[in-house]
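Below is one structure; the comments refer to it alone.
The values are calculated or read from the model by the stated rules, or taken from the named source; none is laboratory data. Since the structure is predicted, the reported quantities are computational estimates derived from the model, not experimental observations. Every residue, glycine among them, receives a Cβ derived from its backbone with ideal geometry; neighbour counts consider all protein chains shown. These accessible areas exclude ligands, DNA and RNA; they are computed on the full protein's heavy atoms, side chains included. Shrake-Rupley method; radii C 1.70, N 1.55, O 1.52, S 1.80 Å.
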Amino acid sequence: QVQLVESGGGLVQAGGSLRLSCAASGSIFSIGPMGWYRQAPGKQRELVASATRDGRTTYADSVKGRFTISRDSAKNTVDLQMSSLNPEDTAVYYCKAELRRLNSRVPSDYWGQGTQVTVSS
């Protein structure tokens, strides 16, 4: 069994900050890229930010300079620090990890359950 558990969502006013956390646990052999995605009502799920095991990061243009992804490979965690939030950031945020289980030879994508972020104007 593998679980990705997210925390840290909530309601914040425009201009405010939130920090999301995600922890992977279970029968994990190795973890590749970890990242955050979001899905707003009526829209497709989109990449927000991702981090490779060796620290390379990728950001959506819409969040560059406002969001920071950080990863602790030893603890199997990935965080997303969000600042200068605006109502367009309102969405359900999902953690994703590409990981290989102990009894598997190939990696697969695993998702968290999602955490709601609501930014009021």
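For the chain, report the accessible area per residue in Å² (1.4 Å probe, heavy atoms, rounded to an integer).
55 Å²
Within the chain, DSSP assigns beta bridges of which about 90% are antiparallel (rounded to the nearest 5).
When the gyration tensor of region 1-56 is built from Cα positions, what are the square roots of 5 times its three eigenvalues, in whole Å, from largest to smallest?
So the equivalent ellipsoid measures 24, 14, 13 Å along its semi-axes.
If the chain between ASP72 and LEU102 were fully stretched, how many nm would it gain, using 0.36 nm times the residue separation less the Cα-Cα distance? Don't skip to the answer; put the middle values down first.
On the way: separation 30, 0.36 × 30 = 10.80 nm, distance 1.99 nm.
Net length gain for the segment: 8.8 nm.
The accessible surface of region 44-118, taken with every protein chain in place and a 1.4 Å probe, is 44 percent carbon and sulfur. Calculated on the alpha-carbon coordinates, the convex hull of region 39-100 measures out at 93 cubic angstrom per residue. Be a star and scan region 85-108 for residues whose amide nitrogen sits under 14 Å from the point 7 Å along the Cα-to-Cβ vector of LEU47. Inside the label zone: 96-98. Within the shell of other residues whose beta carbon sits under 11 angstrom from the beta carbon of PHE29, the net charge comes to +3, with Lys and Arg scored +1 and Asp and Glu -1. If only the Cβ of Lys and Arg carry +1 and only the Cβ of Asp and Glu carry -1, the dipole of region 63-121 around its Cα centre is close to 320 debye. Diffusion coefficient of the chain by Stokes-Einstein, Kirkwood radius over Cα pairs, 4 °C, 1.567 mPa s: 90 µm²/s.
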